[in-house]
Amino acid sequence: MPQRPADRDALRSDAAGRPFSPVIALLTVSSVWDAHLGAALKPLGLTTRKYALLAHIRATPDISFSELARRSQITVQTAHTAVHALVDDGMVADATAIPGAPSHLRMTEKGARAVTKADERLADLDAALISQAPAFAAALKGMHEEPVGAK
């Protein structure tokens, strides 16, 4: 659990006298931009989770379900469910697909096209966020690699 600030009065209050919560603010901003990304990905047949899984599969061809789950911070069962949906959509293929054998997941051409289009839409959203809130965007740089409070 992250430590509490020594002086909670250091956090500004809003007009109603409630203390400012950077956690709530970050969750709110995250929710707004997640909705924007979700809307941009929907016409491609993707969700933010499916896009993230495809990005991991693209980065590591022949990745196993266990490694995919670990990198995505989801359960192996959830990874199986999501990947099976991507297989059904023709975006991912399992090179092994033998019960009991380790899977070797790869993106198909259809998946590669979808993830390339998704990358373009993400770049547009990134540009919009950077334009609207450059200091905030700069403050976020590198945080996904070593998130605050992750330890």
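Structure above, values below:
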{"item": "Top-ranked residue in region 15-43 [being touching a Lys or Arg at 6+ places or on another chain (Cβ under 9 Å) and modelled with pLDDT under 95; ranked as farthest from GLU120 (Cα to Cα)]", "result": "PRO19"}
{"item": "First in region 32-44 and surrounded by 11 or more Cβ atoms within 10 Å (Cβ to Cβ), second anywhere and among the aromatic types (Phe, Trp, Tyr) and in a helix (DSSP H, G or I), Cβ under 9 Å, 6 or more apart", "result": "LEU37/TYR51; LEU41/TYR51; LEU44/TYR51"}
{"item": "Criterion: assigned to a loop (DSSP other than H, G, I, E, B), over 19 Å from the mean Cα position of the chain (by Cα) and either among the aromatic types (Phe, Trp, Tyr) or modelled with pLDDT of 95 or more (or both) - qualifying residue of GLY90, GLY100", "result": "GLY90"}
{"item": "Some residue of region 1-14 being modelled with pLDDT of 90 or more, surrounded by fewer than 16 Cβ atoms within 10 Å (Cβ to Cβ) and either in a loop (DSSP other than H, G, I, E, B) or out of contact with any Lys or Arg (no Cβ under 8 Å at 6 or more places or on another chain) (or both)", "result": "no"}
{"item": "Residue match in region 48-60 (condition: more than 16 Å from MET107 (Cβ to Cβ), surrounded by 14 or more Cβ atoms within 10 Å (Cβ to Cβ) and either over 15 Å from the mean Cα position of the chain (by Cα) or of a type in the set (S, T, N, Q) (or both))", "result": "yes"}
{"item": "Subset tally (residues that are charged (D, E, K, R) and not in a helix (DSSP H, G or I)) for region 23-80", "result": "1"}
{"item": "Answer from ARG71, ARG113, ARG121 - the residue that is buried (at least 16 other Cβ atoms within 10 Å of the Cβ) and at pLDDT 95 or above", "result": "ARG121"}
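The values are calculated or read from the model by the stated rules, or taken from the named source; none is laboratory data. Because the structure is predicted, anything quoted here is derived from the model rather than measured. Methodologically, a virtual Cβ is constructed for each residue, glycine included, from the backbone with ideal geometry; neighbour enumeration extends over all protein chains shown.
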